[in-house]
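Step one of this worksheet: look at the structure below.
The values are calculated or read from the model by the stated rules, or taken from the named source; none is laboratory data. Note that the structure is predicted; figures quoted are calculated from it, not measured. For neighbour counting, all protein chains shown are included, and Cβ atoms are generated from backbone atoms with ideal geometry for every residue, glycine included.
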Amino acid sequence: MQPEILNKTLEDVKTDIAVNLKNIRKSHNIAQEKLALDAGVDRTFVSKIERGIGNPSLEVLLRLANRLGVSIADLLAAN
């Protein structure tokens, strides 16, 4: 296991996901609404995830990662 993730709190992980999802989405020039539609989730939920207040399930993370062409690990990477 990587040392930087050993002592993370849920809030830390949600922040990492928020930053990574937003950066990856923007680098692909995809609007929140388009990403949400393609991934089969509500746009407001994508917004909540990107603000660090949404708690996505593993299924939702997988859908978002697949749509963005990245791994779930890319969404969880430490910031």
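Computed values, structure above
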| read-out | value |
| --- | --- |
| Flag if Lys14 is touching a helix residue (DSSP H, G or I) at 6+ places or on another chain (Cβ under 6 Å), assigned to a helix (DSSP H, G or I) and modelled with pLDDT of 95 or more | no |
| Residue within segment 47-58 that is outside any loop (DSSP other than H, G, I, E, B), over 22 Å from Ala78 (Cβ atoms) and at pLDDT 95 or above present | yes |
| Every residue from segment 47-67 that is without any contact (Cβ under 8 Å) to a residue 40 or more places away in the chain, of a type outside the set (Lys, Arg) and surrounded by fewer than 19 Cβ atoms within 10 Å (Cβ to Cβ) | Ser47, Ile53, Ser57, Leu58, Glu59, Val60, Leu62, Asn66 |
| Residues of segment 52-70 that turn out to be of a type outside the set (A, V, I, L, M, F, W, C) and under 20 Å from Asn29 (Cβ atoms), as a count | 4 |
| Long-range neighbours under 8 Å by Cβ, at least six apart or interchain, first residue touching a residue at least 40 places away in the same chain (Cβ under 8 Å) within segment 22-34, second of a type outside the set (A, V, I, L, M) | Ile24/Asp74; Arg25/Gln32; Arg25/Glu50; His28/Gly69 |
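The rows are residues; the columns are (1) loosely packed, with under 12 Cβ neighbours inside 10 Å; (2) among the aromatic types (Phe, Trp, Tyr); (3) modelled with pLDDT of 95 or more.
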{"position": "Leu6", "(1), (2), (3)": "yes, no, no"}
{"position": "Ala36", "(1), (2), (3)": "no, no, yes"}
{"position": "Phe45", "(1), (2), (3)": "no, yes, yes"}
{"position": "Gly69", "(1), (2), (3)": "yes, no, yes"}
